[in-house]
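Below is one structure, written out as structure tokens, with a few remarks after it.
Every read-out reported here was derived from the displayed coordinates using simple, explicitly stated rules and does not represent laboratory data. Bear in mind the structure is a predicted one, so any value in this text is a computation, not a measurement. In this analysis, Cβ positions are derived from the backbone assuming ideal geometry, glycine residues included, and neighbour counts consider all displayed protein chains.
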Ligand SMILES: Cc1ncc(COP(=O)(O)O)c(C=O)c1O
């Protein structure tokens, strides 16, 4: 039965005289006659038309609304590539500590030495985890990290007097890769989908030349496979004087196991909100720090945090040839702090275990589902895998989107669908390390059930949500956000 409890607007629930406000008697003297009255032309003709609703109704309205949301705290959320892992509440509390939450970026350095120390240590940790020594905490998300690193690379090439305009990426790349390259002023070159989901080295060799600035690659790639030839790929780029950018969105698979800097990457971004448990989703806050090789350090955005051991002093400094600011002040500190606490809590051993468990959980889920939904690229995966509803669609007409919608009726957030583009009817599943065996079994059983259900039931899902299938493009491009528009 469709859930409509929370969809009535407060305006629709309003009854004259049912307001909840009780104002106390004024306890200050009335204004004296020496204060001129407010001119009539400046006064409203009537009080504002605010909804008048009793307190219990308001509380129920908002509590019911909140239960319509899917969140990691309430539902299993296997959204591939997005790493929706549990956000420990302890780190939420720590990030809200007065010393962090109430600091102001315009405070003098002397008053925020503690915060700068934490950010300095975070720079060091991210350098160590990546194997790339210079870090900027500035970018506000992975996509902005990509853009920042490409601008940094462009500044480096300019400084050397080299005119390199082309950025290459495989067909399985995330859409933000070419978007960032285009925004940074590069020409985008897409390689074809190589055999088995890997980069085709022969094609890469043909495309890489003196015009190549950067090759952007996600590793593990967006099919959940570790690019086995990543060292050879890096050699091809370096031999031609180009750089390798590692999209670090999938770092959750390799923490403490291997490092982009060790397998040939020159630059990378982290998604702190994914890998290091910053709460995210629905366009929420993020942080996309970048790590780069030493020769790029002078071009990083400003400021970075430096430490003078002779007087144990932390400062905000501008690298010599900095590309300038890409974000206000020193980054999205609230999310960076959560990442810092996560790394400190787990330590090196704990981070490695987190990745091992993420990979184990994904492989377990793959093993449970591969007989129901085809998994075109391999029997094994890293932290995520891409199943396909292609055969099911041919047999029954049920698509990946239909399964995704039907999962909502069972109380599961849908996996990522139709990405990467190289898999037809793609369903990208990333359970993360924080899910139990029972949760994975229950989810696999639900997918099996859905694949057995009458196709019409699945194709018309969801049946339990207030809205079933909005036109997603119109909903995103022309959202109706205010009451008057809603009425008309
Ligand atoms: C592979 C990959 N690269 C880049 C990004 C962009 O990261 P963000 O959403 O933090 O901008 C994502 C996001 O999902 C991703 O999956």
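For a quick protection proxy, order the peptides 122-130, 205-213, 476-484 by their average other-Cβ count within 10 Å, most packed first.
122-130, 205-213, 476-484
Among rounded, prolate and oblate, which fits the stretch 140-205 when a ≥ b ≥ c are the square roots of the eigenvalues of its C-alpha gyration tensor, a/c under 1.5 means rounded, and a/b larger than b/c means prolate?
The shape class here is oblate.
Can you classify the chain as rounded, prolate or oblate using the Cα gyration tensor, where a ≥ b ≥ c are the square roots of its eigenvalues, rounded means a/c under 1.5, and otherwise it's prolate if a/b beats b/c and oblate if not?
Oblate is the answer for the chain, as a/c is 1.5 or above yet b/c matches or exceeds a/b.
Spin-label point model (7 Å from Cα, Cβ direction): what's the residue 28 to residue 239 distance in nm?
7.9 nm
Any chance you could check the Cα centroid distance between the stretch 268-313 and the stretch 64-143 for me, in angstrom?
10 Å
Which length gain, in nm to one decimal place, applies between residue 262 and residue 59 when the Cα-Cα distance is subtracted from 0.36 nm times their residue separation?
The residue 262-residue 59 span can extend by a further 67.7 nm.
Rounded to the nearest 5, what is the percent of antiparallel bridges among the DSSP beta bridges in the chain?
Roughly 55 percent of the beta bridges in the chain run antiparallel, per DSSP.
Taking a ≥ b ≥ c as the square roots of the eigenvalues of the Cα gyration tensor of the stretch 1-118, is the shape rounded (a/c under 1.5), prolate (a/b larger than b/c) or oblate?
oblate
What's the extension gain from residue 465 to residue 98 if we count 0.36 nm per residue and subtract their Cα-Cα distance?
Length difference between fully extended and current span is 128.2 nm.
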